[in-house]
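Novice: My structure is below; once you've seen it, I'll send some questions.
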C-alpha cells in the first residue's frame with residue numbers, strides 16, 4: 001500500500017509539473033514582444049431559422065476601427081479595436097496599447113484570461129496558433145440579437161510582432177460561414193444606445209493642463225460611429241466611444257485632435273453616460289496614449 005501511495009503522489013506531481021510547463025510554454029511563445037493588431041473577423045451564427053452562418057471583416061475600406069462587442073453596446077477598453085494600433089504585451093502583466101495594465105492567467109497552454117477590467121469582468125482569448133512573428137486568437141462565444149434574431153458570435157484576431165510584416169499569413173475563413181462584408185458599427189442593446197454621438201456636434205470650449213488653461217471654442221462634428229470633423233475642415237478623423245458599463249461610464253477617445261495638445265496620438269478617458277445625455281461635459285480628465293503628455297481636463301457643450 002505504501003508503494004502505491006508514493007506512486008500516486010509521483011503521478012500527481014508529474015501532472016502538476018506538466019500543467020505548469022504548458023502555462024509557461026504559452027507565456028514563452030507570446031512574452032517579450034509587442035503584438036500589434038493586423039486584422040480581424042467576426043463570425044455570426046443565427047440561433048433562429050434559417051440558422052444562417054456568416055462572417056464579417058472587422059476592418060476594410062473606410063473603417064479602421066471596430067469592437068469585439070459588435071452586437072452589444074456594453075464594451076470596455078479591451079474591446080475597442082484599431083487596426084495597426086491596438087497592441088498587446090503579455091509579460092508579468094497584460095498591457096493594452098502600452099498604457100493600460102491588467103492581471104492575467106494562462107490556462108492549459110491555450111487560453112489567456114485577462115481579469116480585473118474596469119467593471120470587474122474578464123475576457124478570455126484562445127490562442128489558435130502562429131509563429132515567432134504571428135499570433136491568432138479567438139474570443140469567447142457571446143450571445144445577443146441582430147436583425148431581430150437571436151445570434152451567437154465570436155471574433156478572430158490576427159496580431160503580428162511589432163516591426164514585422166504579414167504576407168499571406170491570414171488563416172482561411174471557418175467553413176461553412178459565408179462572407180458578408182465589413183461589420184457595421186450600429187449595434188444597440190436594450191435601449192442603451194451604443195453610439196449616441198453619431199450625427200451630433202459638441203463645442204470643445206477649453207482645456208486645462210496643470211496650471212495652463214486654453215480657450216478653444218472649436219466645434220466637433222461626429223459624422224459617424226467612429227469619425228469626426230472639426231469646424232469647417234472636411235478632414236475626417238477618428239474617435240471611439242464604448243457603450244455604457246454597469247456604473248454608467250463610457251470609454252471615450254479622440255484620435256489626432258489638433259485642438260488638444262500635440263505629442264500623443266490620442267486623448268482618452270471615461271465620461272459619465274448622463275453627461276452625454278445632458279450635453280454638458282465639465283472638467284473631465286483625459287490622459288494621453290503612452291503617457292507622453294500630462295493629463296488634461298476638457299469642457300464640452302452639446303450643440304444639437
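Novice: Could I get the Rg over Rh figure for segment 107-187? Both from C-alpha atoms, Rh via Kirkwood, rounded to two places. Numbers along the way, then the final one.
Specialist: Values: Rg = 15.2 Å, Rh = 15.2 Å.
Computed over Cα atoms, the ratio is 1.00.
Novice: What's the FRET efficiency of residue 229 with residue 121 using the Cβ-Cβ distance as r and R₀ = 30 Å, to the nearest 0.05? It would help to have the intermediate numbers written out before the result.
Specialist: Values: r = 34 Å, r/R0 = 1.14.
About 0.30, to the nearest 0.05.
Novice: Also: Please rank 93, 141, fewest neighbouring Cβ atoms within 10 Å first, as an exposure proxy. All intermediate terms of the calculation are to be shown ahead of the outcome.
Specialist: Working: 93 13, 141 10.
The most exposed by this proxy come first: 141, 93.
Novice: Between residue 47 and residue 133, what is the FRET efficiency for a Förster distance of 51 Å, r being their Cβ-Cβ separation, to the nearest 0.05?
Specialist: On the way: r = 37 Å, r/R0 = 0.73.
Once the sixth-power term is evaluated, E becomes 0.85.
Novice: On to the next question. Taking 1 over the mean of 1/r across every pair of different Cα atoms in segment 195-302, what Kirkwood radius in Å do you get? Spell out each step's value before the answer.
Specialist: Working: mean 1/r = 0.0721 Å⁻¹.
For segment 195-302, the Kirkwood estimate is 13.9 Å.
Novice: So what's segment 33-189 giving for Rg/Rh, alpha carbon basis, Kirkwood Rh from the mean inverse pair distance? All intermediate terms of the calculation are to be shown ahead of the outcome.
Specialist: Details: Rg = 15.4 Å, Rh = 16.2 Å.
Over the Cα atoms of segment 33-189, Rg/Rh equals 0.95.
Novice: If I model a spin label at residue 140 and residue 25 as a point 7 Å from the Cα along the Cα→Cβ vector, what separation in nanometres do I get?
Specialist: Output for this residue pair reads 2.5 nm.
Novice: Another question, if that's okay. Diagonalise the Cα gyration tensor of segment 260-304 and give the resulting equivalent ellipsoid semi-axes, square root of 5 times each eigenvalue, largest first, whole Å. Please list the in-between numbers first.
Specialist: Details: eigenvalues 100, 20, 13 Å².
Largest first, segment 260-304 gives 22, 10, 8 Å.
Novice: Sticking with this one: Just order 229-238, 107-116 by mean Cβ neighbour count inside 10 Å, highest at the front, would you?
Specialist: For the peptides 229-238, 107-116, the packing ranking is 107-116, 229-238.
All of the numbers you see were taken from the coordinates with simple rules; none came from a lab. The shown structure was predicted, so the numbers you read here are calculated from the model rather than taken from an experiment. Here Cβ is always computed from backbone atoms with ideal geometry, including for glycine, and neighbour counts include all displayed protein chains.
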